[in-house]
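Everything below concerns the one structure shown next.
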Amino acid sequence: MAALVSAGLHIIYSLTLQGGYDRFDMGVVYPVARGTGPVLSMIVAITLLGEQPHAVEVGGAIIVVAGICVVAGNPFTGAEGRSMRGVLWGAATGAAIAGYTLWDSWSVRHLDLAATTYFTGTYFIQSLLLTPRALRRRAQIPRSLRTNWTPILMVAVFSPLAYILVLDVMKTAPVSIVAPLRESSIVIGSLLARKLFGEGHLARRLVGAGIVLAGIAVISL
């Protein structure tokens, strides 16, 4: 039952994120989503779930979120109306991230479910639920496999591995701390975007990366 709920929340996240990418710039949707998710997770975990992380840990988590915001920059640049709609899509995606993060943390911690088993069940159910959607587009599958087999393989290996590690950590660590640390990946993504796609604002992104690392260091204390 826990895996079924998790699968539904992950599907909502995936479809919302893809819907935002289809309509608006990734540079708006992605950072807003990754910044909103840990903030909502931290607020709910502390106010509703009764988590009581140490004040130093909370301070470190806030520093991490601040660093993420520096890396992301101002999402309102450009056409204001379009950017605002992109921000709303990003915020909706962030809410979905918070939803599955909180549920998955509760499942592995309070139901004492093994991270690998829980993850396998969740993604098996996701595959079943999304199969009809994939079959409606089955004519596009061979071409996608031929042209994108390398990124497909990388995502198929590293995405599950990364989230299994997150689930394993959430068995013992407060989700109010794990959620912000998990989103520090936006720093790596932003720096790679500079190298691979020639995106600008390298200095700001390096400053943001430094802030995120400082927040992680504070939490580690």
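The values are calculated or read from the model by the stated rules, or taken from the named source; none is laboratory data. Keep in mind it's a predicted model, so treat the numbers as computed, not measured. Glycine also receives a Cβ, built like all others from the backbone with ideal geometry; neighbour counts cover every protein chain displayed. These accessible areas exclude ligands, DNA and RNA; they are computed on the full protein's heavy atoms, side chains included. Shrake-Rupley method; radii C 1.70, N 1.55, O 1.52, S 1.80 Å.
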- What pairs come up if the first residue lies in segment 139-167 and is under 30 Å from residue 108 (Cβ atoms), the second is among the polar types (S, T, N, Q), and their beta carbons are under 6 Å apart, counting only those six or more places apart or on different chains? 164/116
- Any chance segment 11-26 includes a residue that's modelled with pLDDT under 80, within 19 Å of residue 174 (Cα to Cα) and surrounded by 19 or more Cβ atoms within 10 Å (Cβ to Cβ)? no
- Message: List pairs: first residue in segment 98-118 and under 15 Å from residue 5 (Cα atoms), second residue open to solvent by less than 30 Å² (accessible area, probe 1.4 Å) and among the basic types (Lys, Arg) anywhere in the structure, Cβ distance under 8 angstrom, at least six positions apart or on different chains.
- Response: none
